[in-house]
1. Assuming a viscosity of 1.306 mPa s and a temperature of 10 °C, what translational diffusion coefficient in µm² per second does Stokes-Einstein assign to the stretch 45-199, Rh being the Kirkwood radius over Cα pairs?
2. Protein chains only, probe 1.4 Å: how do Arg40, Arg310 rank by accessible area, largest first?
3. Can you list residues from other chains, or at least 5 along the same chain, whose modelled amide H is less than 5 Å from the amide H of Val176?
4. With each pseudo-label sitting 7 Å past Cα toward Cβ, what's the Trp171-Glu319 distance in nm, one decimal?
5. Would you please give the residues with an amide H less than 5 Å from that of Glu309, counting only those at least 5 places away or on a separate chain, with H modeled from the backbone geometry?
6. What's the long-distance tail for the stretch 278-338, i.e. % of Cα pairs beyond 19 Å?
7. Using Cα centres only, tell me the gap between the stretch 291-340 and the stretch 232-281 in whole Å.
8. So which GluC sites (Glu not before Pro) in the stretch 1-72 are both in a DSSP loop and have at most 16 other Cβ atoms within 10 Å of their Cβ?
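The values are calculated or read from the model by the stated rules, or taken from the named source; none is laboratory data. Values in this document were obtained by computation on a predicted structure and should not be read as measured data. FYI the Cβ positions are ideal-geometry reconstructions off the backbone, even for glycines, and counts take in every protein chain you see. Each accessible area value is taken on the protein alone, full model and side chains, heavy atoms only, with ligands, DNA and RNA left out. Shrake-Rupley method; radii C 1.70, N 1.55, O 1.52, S 1.80 Å.
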Amino acid sequence: MGEMQQIVLTQYCEGAPKPSDFRLESLPLPEPKDGQFRVRHVWCSVDPGTRSRLSGGDSYAAALPLGKPIDGFSVGIIDASNNPDWPVGTKVFCAGGWKTHSVQSGKGFIGKVMDVPGVPLSAWIGVLGVPGLTAWFGTKDVARFKPGDGVLVTSAAGPVGATAGQLAKAWGASKVVGVAGSDEKCAWLVNEAGFDAAINYKTAPDLTGAVAAEFPKGVDVLFDNVGNAMVNRVLPLMALNGRICISGQVADYNLTPDQTPGIVNTKPFITHRVNMQGLVVFDFARGFPEALGTMAKMTASGQLKTQEERFTGIGAMPEAFCGLFRGENSGRRVVQVSAE
């Protein structure tokens, strides 16, 4: 009987999360029951959206009870199975949490890794995981992208934003502009990811003016990962029949409701017939296989560029997560918790 390790919540986060809010603990290795199988995680992800469950109040997902393991996505290898459809040795991605192992039933968010040469295993919790799927369905279904649209992406160097902008480009956008927080991130967006332009929101003397200058005819699609202040800023710059996809709110996750900025520039909803809609990506689960198959080929061919920051050992997960809210990350943060 071996053991597994997991990261649990020790106290609710107030403001930005800190490593002391979490604890590493060891448990006996769980054994799969009839119809179940056990996944040995190789890579685990840290996701900004997890923050919404760590304050004690409910958001679109219920608050996480203290002492429970943190939610997250994992990719790994089945090492014990009582389910013939999921044999030992199968590589899978799943909602495994911040753990070295998880027991799965084949239901919920889980799938078999496609064998596509040139695609690293860790990509299946990045561009081929929830971030990539969020970008795909947020752009295509929620923002109702059409060729010729001018697209503005915020938090554009993150895994969701970078993928959304590249997909829009591949699908025929007239212009894709990213907003990011450093000159290095902006250079990567233009030189590697193929964005037409990028704006450093920390150094732009007039961010609103910089966006307006890039879109003289207005923004057709705003793909927002930042929060209310950014949406409020861009609303007056939207084109007629513009669409806003609310994908994430990284600037607002650490704020209490009374600290969260409001959206007051609402007149364009009438004058410019602007439509604003959010998404929870699991609503589109029926389309996941087609989206993943296409993006896997685009990743293998180099058409979809990705950035990854890799950490080692499950004990590194709290610090990797906390750094997301200091703006340190370039691309997807993943943690290797066992050998490939």
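1. Translational D for this selection: 91 µm²/s.
2. The ordering from most to least exposed comes out as Arg310, Arg40.
3. Amide H neighbours of Val176, under 5 Å, 5+ apart: Val151, Asp196, Ala197.
4. With each label placed 7 Å out from Cα toward Cβ, I get 3.9 nm.
5. The answer is Arg332, Arg333, Val334.
6. 55
7. With the stretch 291-340 and the stretch 232-281 each reduced to a Cα centre, they are spaced 27 Å.
8. Glu14
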